Amino acid sequence: MQVAAPRILIAGTASGVGKTTLTCGLLRLLDRRGLKVQAAKCGPDYLDPMMHTRVLGVPSRNLDLFFAGENLVCGLIAEGARSADLTVIEGAMGYYDGIAQGHDASAYDLARATQTPAVLVVDGRGRALSVAAEVAGFKHFREPSHVAGVILSRVSKGYYPTMKALAERETGVRVLGHVPELAGAGLKSRHLGLVAAGEVADLSQRVDLIADSLEQTVDVDGLLALAHEAPDLVYQPRELPERRSDATTIAVAFDEAFNFYYEDALALLERFGARLVRFSPLEDRHLPEGTSGLYLGGGYPELHAARLSANESLREEIREAIAAGMPTVAECGGFMYLHEALEDADGVSWPMVGAVSGASFGLGRLGRFGYVTLTARRDSLLANAGECLPAHEFHYWDSEQPGDAFYAQKPQSSRGWDCVVASPTLYAGYPHLYLAACPEATRRFVVACASYASAGKAGCP
């Protein structure tokens, strides 16, 4: 299939150069112009897509070549393009930074696989000709690099014309604007990246300030022209079942403590017949009526451990439901919540659900990080023995009971480890799954939930 899909990728020379600030401001600016925009994020990050979603009011999607491969990634862009005038993709880390010090699954790799024009954000503070040297290096490091434009960050209005002329003369790459430092418009960070969008009370006002500035400092028409230069996407559509009407109810934990989910994974669960109902382990005393499955995503339970622990009625209900065989997927933060105890950010231990023995505790440093391929050691809820699932880990907490139902192998590395507590009705572990690329695992989860419901157990421990 061949689909027209105007698109650009906002990349950076490194983390911290202002990709997210520029992307969010640009999304707001394009929205103000009356354009329908689809936002996306390169890689497995959850937090930046939350920002995009808050800015546009439209779910942002992840485009990850390790998880999904080239065909599915192209298909996801094409799917979003059907209801959008253009797609704005935010890169990850530095442009060429990918798996195992290589460029696989990097922003560059995404630009290459999808033939997307890349706009490179370059930090211009405290430099002159060196900016041109850096741009030239990125432009020619790979051929073709797909670097089609540059935006300079942290450059003053007065100095920008000089920097633009210098960079264009020396590199031949078009400079499409600059992003000055803006007081009061920064986006804060914590140990997993940006502070979650829902925690920034004045996010809309901050993004408005950024958009107001970009209106004066960025060549938006030039960016739109680049987006329309992107060639049509060519891909093979996936064969999926028609959306079922006899939906089974899966309760999805969603609040300040749990909010790391991939939009396309949720959409695939619905495609296979799940009715997704959000609930809050912080606020709700009981599971939603008719619940026949649980999805406990990642997030920051360690920052809300006291409130999670205080909700005893829900903790007990979840423990009894899992013990009774309610199908459950619990990733990272959700896995931590299922332990007998959880250590908070101050080192205080709090009682939790108790479906997993032992405690989850802080390491004081980044633990396991990066992509992994999970190989099932035995049959369980999502996979039979020997089957593989792509996943990602990123956590500062660990577990006294990490599990051994799967073996996690880092790509292009000899390093691996046992992980995941699993049974015919449970997946609980630190690895985050990308169910959108695992239709069989997704189907099994929904089928197991439907079987639980048909046995008359839905909504009952």
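The radius of gyration of the Cα set in region 248-454, together with its Dmax, comes out at 15.6, 46 angstrom. When the Cα positions of Ala118, Cys449, Phe260 are compared along the charge dipole of the chain, Ala118 comes out farthest toward the positive end, with charges on each C-beta of Lys, Arg, Asp and Glu.
Could you tell me how far the Cα centroid of region 108-142 sits from the Cα centroid of region 1-72, in Å? Between the Cα centre of region 1-72 and that of region 108-142, the gap is 18 Å. Spin-label model, Ala133 to Ser413: label points 7 Å out along the Cα-to-beta-carbon direction sit 3.2 nm apart.
For region 389-460, the set of trypsin sites (Lys or Arg not before Pro) satisfying both a DSSP loop assignment and a count of at most 15 other C-beta atoms within 10 Å is given as Arg415.
Relative to the longest principal axis of the Cα atoms of the chain, the long axis of helix 220-229 lies at roughly 70 degrees.
Full extension of the chain between Ser357 and Ala306 gives 16.5 nm of extra length, using 0.36 nm per residue less the Cα-Cα distance. Protection proxy ranking, highest mean first, for peptides 255-265, 428-438: 428-438, 255-265, where packing is the per-residue count of other beta-carbon atoms within 10 Å, averaged.
In region 242-319 the Cα-Cα distances spread across 10 Å bins starting at 0 as 19, 48, 26, 6, 0 percent of all pairs.
Each residue in Ser292, Ser156, Ser309, Ser414 was given a count of other beta-carbon atoms within 10 angstrom of its own, and listing them fewest first yields Ser414, Ser156, Ser309, Ser292. Binning the C-alpha pair distances of the chain at 20 Å intervals from 0 yields a P(r) profile of 25, 54, 20, 1 %, listed from the shortest bin outward.
For the chain, the longest principal axis of the Cα atoms and the long axis of helix 65-81 meet at an angle of about 70 degrees. For region 118-169, the mean projected area of the C-alpha convex hull, equal to one quarter of the hull surface, is 3.3 nm². The order of the peptides 164-171, 385-392, 70-77 by mean Cβ neighbours within 10 Å, most packed first, is 70-77, 385-392, 164-171.
Taking each residue as 0.36 nm, the span from Glu242 to Arg154 lengthens on full extension beyond its C-alpha to C-alpha distance by 26.7 nm.
About its Cα centre, the dipole of region 329-461 is roughly 440 debye, where the only charges are +1 on Lys and Arg Cβ and -1 on Asp and Glu Cβ. Modelled spin-label separation between Asn384 and Ala324, with each label point placed 7 Å from Cα along the Cα-to-Cβ direction: 3.0 nm. Bridging of Lys19 to aspartates and glutamates at a Cα separation below 12 Å is possible for Asp48, Glu90, Asp123, once same-chain residues fewer than 8 apart are set aside. Judged by the mean number of other Cβ atoms found within 10 Å, the most tightly packed of the peptides 78-86, 334-342 leads the ranking 334-342, 78-86.
Rounded to 0.05, the FRET efficiency of the Arg32 and Val234 pair, given R0 = 35 Å and the Cβ-Cβ distance, is 0.60.
Semi-axes of the equivalent ellipsoid for region 281-327, computed as √(5λ) from the eigenvalues of its C-alpha gyration tensor and ordered from largest down, come to 19, 12, 10 Å.
Eigen-decomposition of the gyration tensor built on the alpha-carbon atoms of region 2-234 gives equivalent ellipsoid semi-axes of 24, 22, 17 angstrom, largest listed first. Summing Cβ point charges (Lys, Arg +1; Asp, Glu -1) relative to the Cα centre of the chain gives a dipole of roughly 840 debye. The simple spin-label model puts a point 7 Å past each Cα toward its Cβ; for His103 and Gln205 those points are separated by 4.4 nm. When both region 264-339 and region 368-409 are represented by their alpha-carbon centers, they are found 19 Å apart. Suppose R0 equals 35 Å. What FRET efficiency, 1/(1 + (r/R0)^6) with r the Cβ-Cβ distance, do Ser280 and Ala455 give to the nearest 0.05? The calculated FRET efficiency here is 0.85.
Axis of helix 19-32 versus longest Cα principal axis of the chain: the two differ by about 80°, to the nearest ten degrees.
Readers should treat all values here as calculations from the given coordinates under stated rules, not as data from a laboratory. Bear in mind that the values here come from a model prediction, so they are computed numbers and not experimental data. Positions of Cβ are backbone-derived with ideal geometry, glycine not excepted, and every protein chain shown enters the neighbour counts.
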